[in-house]
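A.B. asks: Structure provided below as structure tokens; questions to follow.
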Amino acid sequence: LGFLFGTLCFFMLVGLLKAPFCHPHGRMHGFHRERWGRHERRRHGRRRGRSGGFGRAATKVFKRRLDVDEDQADLIDHASKDLRNAAREFASAMKAGKADLAAAFEGDDVDDAALAALFATQDEEIGRFRKELISALKQVHAVLDPDQRDEAVSWLEKSGGWA
């Protein structure tokens, strides 16, 4: 559970670090970044696309390090895509709770009932994400052969073993 919680915290940290700098439509905020973006579009005639993010990059590293075949790669990609979608839904549900948190805090006293409802909703979302994560882990585990599983376990045991 500690590994799962740490992974979740890492994804949320990446989202927090990315949020103030990027516009939802891909344009970057800030004078220098905006100028650079216009320059690149003028020079290349189009805006550069995104590489796919951390999740896709981590999946590529995972598949390359384990030397998976095409059938395994397809199943791992499917499990990874499902997990990324679940993580997006989880993050949006957590963001939606910010308004409820603010409403519970705004009166003369903190609204305990509103906080209880907020935490119950968040617990449901955590449970839903946990089920998706377990499902993805089981799918990947079933696809790997014993040697690949041993290699994955050795990486999981190492600190920073995925990079």
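A.B. asks: Hey, GLN148 hits all of (1) touching a Leu at 6+ places or on another chain (Cβ under 8 Å); (2) closer than 20 Å to GLY53 by Cα but one; which does it fall short on?
C.D. replies: (2)
A.B. asks: Return yes when ILE134 is assigned to a helix (DSSP H, G or I), open to solvent by less than 70 Å² (accessible area, probe 1.4 Å) and not small (Gly, Ala, Ser) and no when it is not.
C.D. replies: Against the criterion (assigned to a helix (DSSP H, G or I), open to solvent by less than 70 Å² (accessible area, probe 1.4 Å) and not small (Gly, Ala, Ser)), ILE134 does not qualify.
A.B. asks: Just wondering, is there one or more residues in the range 117-129 that are closer than 28 Å to VAL153 by Cα, hydroxyl-bearing (Ser, Thr, Tyr) and without any contact (Cβ under 8 Å) to a residue 60 or more places away in the chain?
C.D. replies: No: the range 117-129 contains no residue that is closer than 28 Å to VAL153 by Cα, hydroxyl-bearing (Ser, Thr, Tyr) and without any contact (Cβ under 8 Å) to a residue 60 or more places away in the chain.
A.B. asks: A follow-up question, please. Please enumerate the residues belonging to the range 108-131 that are charged (D, E, K, R) and either in a helix (DSSP H, G or I) or loosely packed, with under 12 Cβ neighbours inside 10 Å (or both).
C.D. replies: ASP108, ASP109, ASP112, ASP123, GLU124, GLU125, ARG128, ARG130, LYS131
A.B. asks: Moving on to the next point. Just to be sure, is ASP67 farther than 19 Å from THR7 by Cα, touching a residue at least 40 places away in the same chain (Cβ under 8 Å) and exposed (fewer than 15 other Cβ atoms within 10 Å of the Cβ)?
C.D. replies: So ASP67 passes the test.
A.B. asks: Out of curiosity, is ARG149 surrounded by 11 or more Cβ atoms within 10 Å (Cβ to Cβ), modelled with pLDDT of 90 or more and under 18 Å from GLY6 (Cα atoms)?
C.D. replies: So ARG149 fails the test.
The values are calculated or read from the model by the stated rules, or taken from the named source; none is laboratory data. These numbers were taken from a predicted model, which means no experiment stands behind them. Reconstructed Cβ throughout: ideal geometry from the backbone, glycine too, with neighbour counts over all protein chains shown. These area figures cover heavy atoms from the full protein model, side chains too; ligands, DNA and RNA do not enter into them. Shrake-Rupley method; radii C 1.70, N 1.55, O 1.52, S 1.80 Å.
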